[in-house]
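Engineer: My questions will all concern the structure given below.
The values are calculated or read from the model by the stated rules, or taken from the named source; none is laboratory data. Computed from a predicted structure; not experimentally measured. As a convention, Cβ positions derive from the backbone with ideal geometry for all residues, glycine included, and neighbour counts pool all protein chains shown.
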Amino acid sequence: MKTVVLELATSKINCNCISPGYVWTPLVERQISPTPHNMTGEQVIKNVLLDAQPIKGLDASAQVAALALFLCSDDAAQITSANLSIDGGWTAA
């Protein structure tokens, strides 16, 4: 990403990275059901997916999309080469 930022800097093209935690998608839903080790879907979410996440909630795809839209806006014109975690505090833990 940093190489792309440097190559495109004079072209007014920004490059950023959005790093979500678990986002409720069909892929994540399939990982929960059928559940391994005789765990309920709620137990898999709580004890496996969100165990290390301080906020204890799956990211909504709408939140990730809103961040992407913001990064495409004029208000984010000076944001480049950033890795933006939207992971409920996972990276802080």
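Every residue, every condition in (1) within 18 Å of Thr80 (Cα to Cα); (2) charged (D, E, K, R); (3) assigned to a loop (DSSP other than H, G, I, E, B); (4) touching a strand residue (DSSP E or B) at 6+ places or on another chain (Cβ under 6 Å), yes or no:
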site: Thr3; (1), (2), (3), (4): yes, no, no, no
site: Leu6; (1), (2), (3), (4): yes, no, no, no
site: Ala9; (1), (2), (3), (4): yes, no, no, no
site: Val28; (1), (2), (3), (4): no, no, no, no
site: Gly57; (1), (2), (3), (4): no, no, yes, no
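Engineer: If you don't mind, another one. Return the pairs, sorted by first residue and then second, in which the second residue is at pLDDT below 95 and in a helix (DSSP H, G or I), the first residue lies in the range 64-85 and is within 17 Å of Ile13 (Cα to Cα), the beta carbons are less than 8 Å apart, and the residues are 6+ apart or on different chains.
Structural biologist: Thr80/Val5; Thr80/Ala9; Ser81/Lys2; Ser81/Val5
Engineer: I'd like the residue in the range 7-28 that is loosely packed, with under 12 Cβ neighbours inside 10 Å and over 16 Å from the mean Cα position of the chain (by Cα) and, out of all such residues, is nearest to Leu71 (Cα to Cα).
Structural biologist: For the range 7-28, the residue satisfying everything is Ile13.
Engineer: Restricting the range 29-46 to residues that are within 21 Å of the chain's Cα centre (by Cα) and among the aliphatic types (A, V, I, L, M), which is surrounded by the most Cβ atoms within 10 Å (Cβ to Cβ)?
Structural biologist: Taking the candidates together, the pick is Ile45.
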